């Protein structure tokens, strides 16, 4: 277990916080980049931690921004800026065992992309941080610790 000095904004003091590796999915990354309501809690939950994600994450992020462009929720300039922000997030991308992920997809009835995240958390024996309730529920059923956000 790693330790770091954390600043607690809610009580305005410093304390020692235990940090660890955390598997994250695309929902977490997009929420941070897009400044969604969960961003402060996500940043607080992951400060000092090493974030890991399946190697397909960059393509999922690109696809998410393409979907926003297609629905005219953002402009191309905003998407390009968002990608610059994405590149600043310290992530360690990990390989996925496709056969195991396919079994998880079938077992839990989840998309393959979600199974890649779940398989990563299981293989690495790490907790998962997600905003996707269905993925979170599947992870819990698989025995993965799912991190909750402080309200």
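In the condition set (1) in contact with a strand residue (DSSP E or B) (Cβ under 7 Å, 6 or more places away or on another chain); (2) closer than 22 Å to residue 41 by Cα; (3) surrounded by fewer than 21 Cβ atoms within 10 Å (Cβ to Cβ), residue 132 is compliant with all but (1).
Across region 103-114, what is the number of residues that are assigned to a helix (DSSP H, G or I) and under 20 Å from the mean Cα position of the chain (by Cα)? Looking only at that region, the number is 6. Does residue 114 fit the bill of being farther than 19 Å from residue 41 by Cβ, free of Cβ contacts under 8 Å to residues at least 24 places away in the same chain and either surrounded by 14 or more Cβ atoms within 10 Å (Cβ to Cβ) or out of contact with any helix residue (DSSP H, G or I) (no Cβ under 8 Å at 6 or more places or on another chain) (or both)? Here the answer is no, as residue 114 does not meet what is asked. Taking residue 28 as the residue in question, decide whether it is at pLDDT 95 or above, under 25 Å from residue 146 (Cα atoms) and either touching a strand residue (DSSP E or B) at 6+ places or on another chain (Cβ under 7 Å) or in a helix (DSSP H, G or I) (or both). Spelling it out, residue 28 is indeed at pLDDT 95 or above, under 25 Å from residue 146 (Cα atoms) and either touching a strand residue (DSSP E or B) at 6+ places or on another chain (Cβ under 7 Å) or in a helix (DSSP H, G or I) (or both).
Select, from 144, 43, the only residue that is touching a helix residue (DSSP H, G or I) at 6+ places or on another chain (Cβ under 7 Å), part of a loop (DSSP other than H, G, I, E, B) and closer than 19 Å to residue 22 by Cβ. When all the criteria are applied, what remains is 144.
Tell me the residue from 135, 149, 118 that is under 13 Å from the mean Cα position of the chain (by Cα), assigned to a loop (DSSP other than H, G, I, E, B) and within 26 Å of residue 32 (Cα to Cα), please. Sole residue among the options that is under 13 Å from the mean Cα position of the chain (by Cα), assigned to a loop (DSSP other than H, G, I, E, B) and within 26 Å of residue 32 (Cα to Cα): 149. Scan region 73-97 for residues that are surrounded by 13 or more Cβ atoms within 10 Å (Cβ to Cβ) and outside any helix (DSSP H, G or I) and the total you get is 7. Scanning region 117-128 for residues that are closer than 12 Å to residue 20 by Cα and in contact with a helix residue (DSSP H, G or I) (Cβ under 9 Å, 6 or more places away or on another chain) gives 126, 127, 128. Selection of region 52-72 for residues being touching a strand residue (DSSP E or B) at 6+ places or on another chain (Cβ under 9 Å) and part of a loop (DSSP other than H, G, I, E, B) yields 55, 56. Out of curiosity, is residue 106 surrounded by fewer than 17 Cβ atoms within 10 Å (Cβ to Cβ), farther than 14 Å from residue 130 by Cα and at pLDDT 95 or above? For residue 106, the condition - surrounded by fewer than 17 Cβ atoms within 10 Å (Cβ to Cβ), farther than 14 Å from residue 130 by Cα and at pLDDT 95 or above - is met.
The values are calculated or read from the model by the stated rules, or taken from the named source; none is laboratory data. Quick caveat, the model's predicted, so the values are computed rather than measured. Don't worry about glycine lacking a Cβ; one is built from the backbone with ideal geometry, like all the others, and counts go over all protein chains shown.
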